[in-house]
Structure formats: C-alpha cells, structure tokens
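**Q** Supplied in structure tokens, the structure appears directly below.
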Amino acid sequence: MRRHWNSIAVIGGGTAGLLLLAGCEPGAKNVTQTGYRGAGLAQIVDRSSLAKAAAIPAEPYPLPPDGGPTAGESYENIRVLNAVSKERFDHLMAEMSQWVAPAEQGCAYCHNPENMASDEKYTKVVARRMLQMTRTINSRWASHVKDTGVTCYTCHRGNPVPEYKWALAPGTLNPRSILGNKRGQNTPDANVGYASLPSDPFAAYFEGKGNIRVASSDAFPSSKHVVSVKDAEKSYGLMMHVSSALGVNCTYCHNTQSFRAWNLSRAQRGTAYYGIRMVRNINDEYLTSLASVFPANRKGPHGDVYKVNCTTCHQGVSKPLGGISMIAQAPALRGPSVEPAGAAAGAAVPRAFNQPGAMTSKNEPAPIPTRP
C-alpha cells in the first residue's frame, strides 16, 4: 500500500511540475537558429506574444515629379526644406498632416491658416526641428537605420505625440539622498521586464555618455576597471528594455559563450551599438534643446521634455514597421548626404567586428576552449 501511495505521489508531483512549466509560456513557438547547433544560439518566441507591425498608411496623393520652383522660392520662412521643389514640399506637408496632426486640425495643428509663414504656434517650431532630426537620422545614422530610413510616421503612427516616450519618472528622489530612495529598484515596471532591476535605465544611458560596458577584462577586481554592482544592474535593466522593445531575447545580439566579446557576437549587436548612440544624439541635441519651446503639458512630471527610447520606433518588432521603408514616398527626408553615409555605414559594422578595439578601445579575442 505504501508503495502504491508513493507511486501516486510521484505521478502527482510530476503532473504538478508539468503544469507549472506549462504555465510559463504555453502555445506554439517560433524558433530561429542563429548559431552553431547545440550551442543554444536560437531565438525562441511565443507566437501569441509577437507584436504586429503597424499598417503603412497610403499616400495622400501620388508623389509628384521633382523639378520646378523650390519651396524657398515659393513660400516665406522656409528654413529646412527650402531647396526642395514646391510640389514635393507640398506633398510632404500633406503626409506630415496625415502622420502627425489630429484629423480635426490638419494643417492648423502647426500653422495659423491666416498666416502660414508665422511661427506663432510652438508645434511649427518643434516640427521644423524634427525635420532636421529626421534628415540627420537618415544620413548620419545610416549605420543603424540602413537604407530603410525613418519618417515622421516611424515614431508618431498618426499621433501628435509618439505613444512610447520617457521622462524622469515620478517620485524620483534626490540622487544624493539615501533616506527612502530605492534607486528605482523593486518597483515592478514593464521597461525592465517587471524585474527588481532599476526601473528607469533611460536617464543613465539614453542621454549623456553613460558607460554601458561593465564586464571586466580580468577575472579579479582591478583598479583599472571599477564598476559597482549598481552599475551592472542598471546596464542589465537597459538590456531588458532593448529586448522587450525589439521582441527578441539576448542571443539576438550576443553569444552566450561570452556576452562581452564582440567578435563572437552577431552583426545585430553592432547595429544596436549605433542605435543607442543615435538615441542619445536625438535626446541630447534635438529634444532637450526644445525645453524652452514645449509647454508644461508636453513635459514630464519633473519638467524635463519627453524623450525617445528603443520602443518609440520598434514597438515590439525587431525592425520598425516590419522593415518596410517609407522613405521613397518622402525623399526630402533622406537628408543631403544619405547616399555616401549609407555606403560608409554598410562597411562600418563588419570593420568593427574584425577590429573590436575600434568600438571598445580594447582587443577582445575569442575565448580559447580548454580541455582537461
């Protein structure tokens, strides 16, 4: 009888364990092999959690041929796109109304209909700066956006303000204070996968020049590499954000044999490297510079402007909008040097992986396997 009950207990325990495991992520999975078989280098994604790429809106009307009078010759107060033809300038303005402005306002969201040249509305001043930013992304940061490029729709998706943005979190205390300051930890937040990690890694890494590399070259503590556990936790929180923003796991960029080694990583890591620096440039040079322009209702609880992170563009997919390019229907957004910059960027990532020191200032050879 005892043996019988023991058997039932074993079967019952096994069944309970299977039920617990099944509760992790039930359902069909998509598995993509990203490295050598048997090395665990695969992307495993629950199909039910896959984010759908946003639908691409139709053009307001077909893109007109280039040529004829320029926007600068035809209109007053054109400061960014003055060399673009009037016909293509008008086409882009119609697209921007569709991509950004509330339907009930249209052109009036940025312009005074009685005086279109006026800069009296702050939204027009912001839009002009965003045009400069978009053209910079498509030229200077082709190392990240490649030939796909970005348009206003990549972030806005029909909203005046992008849905995904960040500012200093409410309740953030004086960083010099200890009393009651959790440093953002043990505060469940989707940005870090609801982990106990610091829930606001953006201020540390998505503006300024915060050092993300925390892995040392040596196995033991060294005065040449002083990084606290707190820094490591913030870096991990950032990686959790990147993972959820793109809908991928760690091995999308890294090789688990050595997360640190560049020459073992996938090319996607190089793209992400430039992407982080692109986000910093957007926040530091373009958005923060508009602090005096934005009204209070367009700022965070601490008065800083809303800024971008990886989710702003990606929204759960590894390539924004599923990798579909909209730049052909808005060629004025390419920027003046997109072709040479794009060509140079195409070779930049392979060079970085052949010479890891070019990115990290350290040579990082592949670990040599040892056998007893």
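**Q** Under unit Cβ charges (Lys, Arg +1; Asp, Glu -1), what dipole magnitude, rounded to 20 debye, does the range 58-112 have relative to its Cα centre? All intermediate terms of the calculation are to be shown ahead of the outcome.
**A** Numbers: 3 positive and 8 negative charges, 25 e Å.
Dipole magnitude for the range 58-112 comes out near 120 debye.
**Q** Do any trypsin sites (Lys or Arg not before Pro) in the range 187-241 lie in a DSSP loop with no more than 14 other beta carbon atoms within 10 Å, and if so, which?
**A** Passing sites in the range 187-241 are Lys209, Arg213, Lys224.
**Q** Using a 1.4 Å probe and ignoring any ligands, DNA or RNA, find the accessible area of Asp284 and quote it in Å² to the nearest 10.
**A** We get 70 Å² for Asp284.
**Q** So if we plug the beta-carbon distance of Arg277 and Tyr61 into 1/(1 + (r/R0)^6) with R0 = 51 Å, what FRET efficiency do we get, rounded to 0.05?
**A** In this case the efficiency is close to 0.85.
**Q** Right, next: Please list Val214, Val229, Val100 from largest to smallest accessible area, probe radius 1.4 Å, with all protein chains kept in place.
**A** If we order Val214, Val229, Val100 from most to least accessible, we get Val229, Val214, Val100.
**Q** Let me ask something else. Given the Cα-Cα distance of Gln185 and Ala291 and 0.36 nm per residue of separation, how much length would full extension add, in nm? The partial results should precede the final answer.
**A** Numbers: separation 106, 0.36 × 106 = 38.16 nm, distance 2.84 nm.
Here the segment from Gln185 to Ala291 would lengthen by 35.3 nm.
**Q** Distance check, please: which entries in Lys52/Lys307; Lys86/Lys307; Lys29/Lys234 exceed 28 angstrom between their Cα atoms? Let's see the in-between values first.
**A** On the way: Lys52/Lys307 24 Å; Lys86/Lys307 32 Å; Lys29/Lys234 30 Å.
Lys86/Lys307; Lys29/Lys234, as the Cα separations exceed 28 Å there.
**Q** Keeping all protein chains in place and using 1.4 angstrom, which order do Val31, Val125 fall into by accessible surface area, from largest down? Write out the running numbers ahead of the final one.
**A** Numbers: Val31 100, Val125 45 Å².
Descending accessible area places them as Val31, Val125.
**Q** Oh, and also: Given a 1.4 Å probe, how much area per residue of the range 15-156 is accessible, in Å²? Let's see the in-between values first.
**A** Values: 8110 Å² over 142 residues.
With all protein chains present, the range 15-156 gives 57 Å² per residue.
**Q** If you don't mind, another one. Principal axes first, then extents: for the Cα atoms of the range 41-127, list largest minus smallest coordinate on each axis, whole Å, largest first.
**A** Here the spans come out as 56, 30, 26 Å, largest first.
**Q** Okay, next question. What accessible surface, in Å², does a 1.4 Å probe find on Lys299, ignoring ligands, DNA and RNA and rounding to the nearest 10?
**A** Taking all protein chains as shown, Lys299 has close to 50 Å².
**Q** Hey, with R₀ at 22 Å, roughly what FRET efficiency would Ala117 and Ala83 work out to, going by the Cβ-Cβ distance, to 0.05?
**A** Rounded to the nearest 0.05, the efficiency is 0.80.
**Q** Please find the FRET efficiency linking Tyr194 to Val227, where r is the Cβ-Cβ separation and R0 is fixed at 25 Å, and quote it to the nearest 0.05.
**A** After rounding, the FRET efficiency stands at 0.50.
**Q** Give me the one-decimal nm value for the distance between modelled label points at Glu73 and Ser49, 7 Å along each residue's Cα-to-Cβ direction.
**A** Here the modelled spin labels are 5.7 nm apart.
**Q** Now for a different question. Just to be sure I understand: if I project the alpha-carbon convex hull of the range 90-240 onto a plane and average over all orientations, what area do I get in nm²?
**A** Over every viewing direction, the Cα hull of the range 90-240 projects on average to 13.7 nm².
**Q** Whenever you get a sec, line up Tyr75, Tyr273 from highest to lowest accessible area (probe 1.4 Å, protein heavy atoms).
**A** Tyr75, Tyr273
**Q** If I ignore ligands, DNA and RNA and count only protein heavy atoms, how much of Thr148 is accessible to a 1.4 Å probe, in Å² to the nearest 10?
**A** Its heavy atoms expose roughly 50 Å² to the probe.
**Q** Let me ask another. If you plug each phi of the range 267-277 into the Karplus form 6.51 cos²θ - 1.76 cosθ + 1.60 with θ = phi - 60°, what whole-Hz ³J(HN,Hα) values come out, in order, with x for Gly and Pro?
**A** Residue by residue, the range 267-277 yields 4, 4, 5, x, 4, 5, 4, 5, x, 4, 6 Hz.
**Q** Under a Cβ-only charge scheme (Lys and Arg +1, Asp and Glu -1), can you give me the dipole magnitude of the range 43-166 about the Cα centre, in debye to the nearest 20?
**A** Taking the Cα centre of the range 43-166 as origin, the dipole is about 560 debye.
The values are calculated or read from the model by the stated rules, or taken from the named source; none is laboratory data. This structure is a prediction, so every number in the text was calculated from the model and none was measured. Positions of Cβ are generated from backbone atoms using ideal geometry, with glycine treated the same way; all protein chains shown enter the neighbour counts. Heads up: the accessible areas ignore ligands, DNA and RNA and are worked out on the full protein's heavy atoms, side chains in. Shrake-Rupley method; radii C 1.70, N 1.55, O 1.52, S 1.80 Å.
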